[in-house]
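Any read-out appearing in this document is the output of simple, stated calculations on the displayed coordinates, not a laboratory observation. Please read these numbers as outputs of a predicted model, since none were measured by experiment. Ideal geometry is used to build each Cβ from the backbone, glycine not excepted, and the neighbour counts take in all protein chains shown.
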Amino acid sequence: MADNAMFDREYFEIRHRLLDIGAALDRIHRADGNSADSDPRMDILRQASVILFDGRPNRAERAQMVFSDDYDPSWRK
């Protein structure tokens with residue numbers, strides 16, 4: 001398999017997903033009464049997006065951890 005074969009297969013799907021995210025963020029930005037920039041969830045999305053392009057392994061796992069709560073050993077109580 002050529003070096004870029006995997007990227008060739010995935011490129012258009014990744015491109016589609018990024019454009020979809022961009023469109024969703026544009027819709028939020030255009031909404032009446034938009035206060036998304038000050039919403040803490042927007043910071044979480046920014047943190048996760050940085051992980052996706054940092055070049056380090058395990059991007060999905062690390063991005064998921066941004067959305068996750070810290071483990072609470074007493075969660076059953």
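Only helices enter the 222 nm calculation for the chain: every DSSP H run of n ≥ 4 contributes -39,500 (n - 2.57), and dividing by all residues gives -20500 deg cm²/dmol, rounded to 500.
Couplings 3J(HN,Hα) of segment 5-18, computed from phi: 4, 5, 5, 4, 5, 8, 3, 5, 5, 4, 4, 4, 5, 5 Hz, in residue order, whole Hz [Karplus 6.51 cos²θ - 1.76 cosθ + 1.60, θ = phi - 60°; x for Gly and Pro]. Once you sort the root eigenvalues of the Cα gyration tensor of the chain as a ≥ b ≥ c, which label holds: rounded (a/c under 1.5), prolate (a/b larger than b/c) or oblate (the other case)? Since a/c reaches 1.5 but b/c is at least a/b, the shape of the chain is classed as oblate. Rounded to the nearest 20, the Cβ-based charge dipole of the chain about its Cα centre (Lys and Arg +1, Asp and Glu -1) stands at 140 debye.
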